[in-house]
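The values are calculated or read from the model by the stated rules, or taken from the named source; none is laboratory data. These numbers were taken from a predicted model, which means no experiment stands behind them. No Cβ is skipped: glycine too gets one built from the backbone with ideal geometry, and neighbour counts run over all protein chains shown. Heavy atoms of the whole protein, side chains included, go into the accessibility calculation; ligands, DNA and RNA do not. Shrake-Rupley method; radii C 1.70, N 1.55, O 1.52, S 1.80 Å.
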Amino acid sequence: MTDLLSYDDALRIILDTSAPLPSERRAPVDALDRVLAAPVIAGEALPPFDNSAMDGYALAGDGVVPAGTELDVRGEQAAGDDA
């Protein structure tokens, strides 16, 4: 049986013999499967209000609601409605 390298020795060999590739500019459409060289920061917040990107329900109550309980809908807010 051959001796195996320890994790630390293997990692040291990899890090000692490799270097990062240089960065390059790409159009967003050509950036698939690539890694950002620096963080991307938006120039302004869009939308200009707090927004949840998920559909969901909010419940308020004093205790646990048993599964299967029917609840009244007291309001709704569609995507794009004012907060």
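Miscellaneous remarks
- Taking Cα atoms only, the orientation of helix 7-16 departs from the longest principal axis of the chain by about 70 degrees.
- Charged-residue dipole, Cβ positions (Lys, Arg, Asp, Glu), the chain about Cα centre, Debye nearest 20: 400 debye
- Its DSSP H runs of at least 4 residues, each contributing -39,500 (n - 2.57), put the calculated 222 nm mean residue ellipticity of the chain at -3500 deg cm²/dmol, to the nearest 500.
- Here the 3J(HN,Hα) profile of segment 65-75, calculated from phi with Karplus coefficients 6.51, -1.76 and 1.60 at θ = phi - 60°, is 8, x, 4, x, 6, 8, 10, 7, 8, 9, x Hz, Gly and Pro shown as x.
- Each residue of segment 38-48 is assigned a 3J(HN,Hα), and the resulting list reads 8, x, 9, 10, 5, x, 8, 7, 10, x, x Hz, derived from the Karplus form 6.51 cos²θ - 1.76 cosθ + 1.60 (θ = phi - 60°), x at Gly and Pro.
- Choice from 50, 62, 16 showing the highest fluctuation, given a GNM over the chain with Cα pairs closer than 10 Å: 62
- Sparse-neighbour loop sites [chymotrypsin sites (Phe, Trp or Tyr not before Pro); segment 1-81; at most 11 other C-beta within 10 Å; DSSP]: 49, 57
- Segment 4-58, accessible surface, carbon-and-sulfur percent (1.4 angstrom probe): 59 percent
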